[in-house]
Each structure stands twice: as C-alpha cells, then as structure tokens.
Number of protein chains: 2
Amino acid sequence: MKDFPGTPGTVTGLILRVLQCVFAAASIASMASTSYFFKFTAFCYLIASLGLQITWSFVLALIDAYALVRNKALQSTVLVSLFIVGDWITATLTLAAASSSSGVAILYFNDLKSCSFIGDCQKYQLSVALAFLSWITIAISSLIMVWLLASS
Amino acid sequence: MKDFPGTPGTVTGLILRVLQCVFAAASIASMASTSYFFKFTAFCYLIASLGLQITWSFVLALIDAYALVRNKALQSTVLVSLFIVGDWITATLTLAAASSSSGVAILYFNDLKSCSFIGDCQKYQLSVALAFLSWITIAISSLIMVWLLASS
C-alpha cells in the first residue's frame, strides 16, 4: 500500500481524525446548550449520531497517534477494510443527522420566518453547520481510505 | 472484470435502476400532489434532488437495456469509475434530501403532535419513505459498482 497524506498512521490522517472529533464535539456542545433541543427528534438524533462519530474518530485518532509515535505501519488490507466500513457507516449517520436537523432549522429560520426560542436559534444553526463540517472531514477520510484500498 | 448480479449490463442491474426511477418518481408524485409543499424548503429540495436521481437512473437504465439487447460488455474501468462518481453524488444528495424532509415530517407528526395540513400529512410521510427506498436502491448500486472496481 502507498503512503500518501491522510492515510492511517500519517500526521494528516491524525489531523483529520482530530478535526472530526472537534467539529462533532462543538456541534453537540452548541446543541446541548439550548433549552429545548430535547423537544425535537431531529436534534436528539443529531446528538446521538455525533456522539457515535466522536467515539469512532477518537479511537482512530488514538490508533493513528500510537502508529506515529511507535513508527508502525497501519496499512494491512483487513485493517483498512475495517476502517472503511466504520467510516462509511458513521459518515452516513452524520450526514443523515445533519440533514434532518438542517431541515428543521431551515423550517424555523426561512419558511416560518419566526423562531420563538430566542437566542437558541443561532445555536441550532451553528450546531448544524458544525455537524456538516464534521461530515466533510469524515467524508474526506472515507474517500482516502477507499483510494488507499483501491490502489493496493 | 467479474460479472455478478447488479453490475452494469445485467438484468439485476437494470431492475435496480428501474426501481430507483420508480421510487423517486412515486416520491415526487406523492409530494407534488400536496397543496403546500412549496412552502417548505426541505420538500422543494427533495423534489429537485429526486428529479436529478430519476434523470441519472433513467440514463443508466437505458444504457443497461442497450447493453442487454446488444449483448455488449459495459465493464471498462473508465466507465465503471464514471458510474461510481455519479452514483455516489446522487446517493449523497438523495440521502440528504430524504433526511431533511424526514426531519420536517417527524417535527409535525411526532414533536408538535399537530399536522394542520389535513390529508397532506400522510402524503409527506409516504413521500419521505419512498425517497429512503430510492436511496437504499441507489446505495446498493453504488456498493456493487465499488466492489466491481475493487475486484478488477
């Protein structure tokens, strides 16, 4: 297997994993700091889905950091296939959660033109934007993994 | 390249493409038959996204049918790579559209417990369910395409 930026055990790969955790954690923090998020199924699903995303990305970040410190190769076909399956499942769940929350956020901001939860509405928007950023970083990781497996 | 069920130019591949078109068209029909769908950004996006899905799947269905009738092979690496890119883009857009619409539909049905658009609410639900079915069939096609390219 080739060793290009973003593959497991590289600095770029580690940065991508850390970014996934940071964006997902910031999104959850922004959503959880609102008063009425638990009244919306979509927002609860966003928190649950991003919680799974953080767990997955954190474990992968630890593995990447271990491989970097010990200078070990992480590019066996079985390991990369496992990473791909996990990446695609979490990426799909994160995209679905971000989209469903954005549907609700856009409904209140754009369609109904009245968001009665004063102060909270900006937090909903911020949370959705951060969830999409988290999805973009996990999508980049997933594509790099598929490319790595395809080029092996 | 191997020739297994679901690959381009096979009967299963053609059935999958036709199912994608049928589910997407039924979803659009169910949504467009409601009176107030244009007031919801998420529902308009669903129609636009599934419109793109139908166009893409219909073209691929025609190509599959042509290959079946003329008994031609469609499995060059360049062609399959092109199919994969198109499949993944439309699958991502369809999932995002189905999720954002489901966020709004669940908000009205479950969270607010009041859907004031009498008769239309069941159509919203039906449309979202059909959009998810369309996404499942395009996801199956996409995975088969990636598997085909990986095994070549």
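The values are calculated or read from the model by the stated rules, or taken from the named source; none is laboratory data. Because the structure is a prediction, the values reported are computed rather than measured. Heads up, the Cβs are rebuilt from the backbone with ideal geometry, glycines too, and the neighbour counts pull from every protein chain shown.
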* Structure fact -> Residues in region B:1-49 that are within 19 Å of B:Ala61 (Cβ to Cβ), assigned to a helix (DSSP H, G or I), touching a Leu at 6+ places or on another chain (Cβ under 8 Å) and among the polar types (S, T, N, Q) total 2
* Structure fact -> Among residues of region A:100-117 being more than 12 Å from chain B (Cβ to nearest Cβ) and closer than 16 Å to A:Lys39 by Cα, the residue surrounded by the fewest Cβ atoms within 10 Å (Cβ to Cβ) is A:Ser116
* **Hits in region B:88-99 - residues which are crowded, with 23+ Cβ neighbours inside 10 Å and touching a residue at least 40 places away in the same chain (Cβ under 8 Å)** => B:Thr90, B:Ala91, B:Thr94, B:Ala96, B:Ala97, B:Ala98
* Could you list, in sequence order, all residues of region A:50-83 that are assigned to a loop (DSSP other than H, G, I, E, B) and loosely packed, with under 13 Cβ neighbours inside 10 Å? => A:Asn71, A:Lys72, A:Ala73, A:Ser76
* Residues located in region B:127-146, provided they are within 11 Å of chain A (Cβ to nearest Cβ) and either among the hydroxyl-bearing types (Ser, Thr, Tyr) or surrounded by fewer than 22 Cβ atoms within 10 Å (Cβ to Cβ) (or both) -> B:Phe132, B:Ala139, B:Ser142, B:Leu143, B:Val146
* Might you check whether a residue that is facing chain A (nearest Cβ under 9 Å) and modelled with pLDDT under 80 occurs anywhere in region B:118-126? => no
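Looking at A:Thr12, A:Thr34, A:Thr41 in this structure, which one is within 13 Å of chain B (Cβ to nearest Cβ) and either within 30 Å of B:Cys44 (Cβ to Cβ) or at pLDDT below 95 (or both)?
Step by step, each of A:Thr12, A:Thr34, A:Thr41 is checked, and only A:Thr41 is within 13 Å of chain B (Cβ to nearest Cβ) and either within 30 Å of B:Cys44 (Cβ to Cβ) or at pLDDT below 95 (or both).
Quick one: which of A:Ala48, A:Ala61, A:Ala65, A:Ala26 is in contact with a Lys or Arg (Cβ under 6 Å, 6 or more places away or on another chain), at pLDDT 90 or above and of a type outside the set (D, E, K, R)?
Numbers: A:Ala48 fails: in contact with a Lys or Arg (Cβ under 6 Å, 6 or more places away or on another chain); A:Ala65 fails: in contact with a Lys or Arg (Cβ under 6 Å, 6 or more places away or on another chain); A:Ala26 fails: in contact with a Lys or Arg (Cβ under 6 Å, 6 or more places away or on another chain).
Testing whether each residue is in contact with a Lys or Arg (Cβ under 6 Å, 6 or more places away or on another chain), at pLDDT 90 or above and of a type outside the set (D, E, K, R) leaves just A:Ala61.
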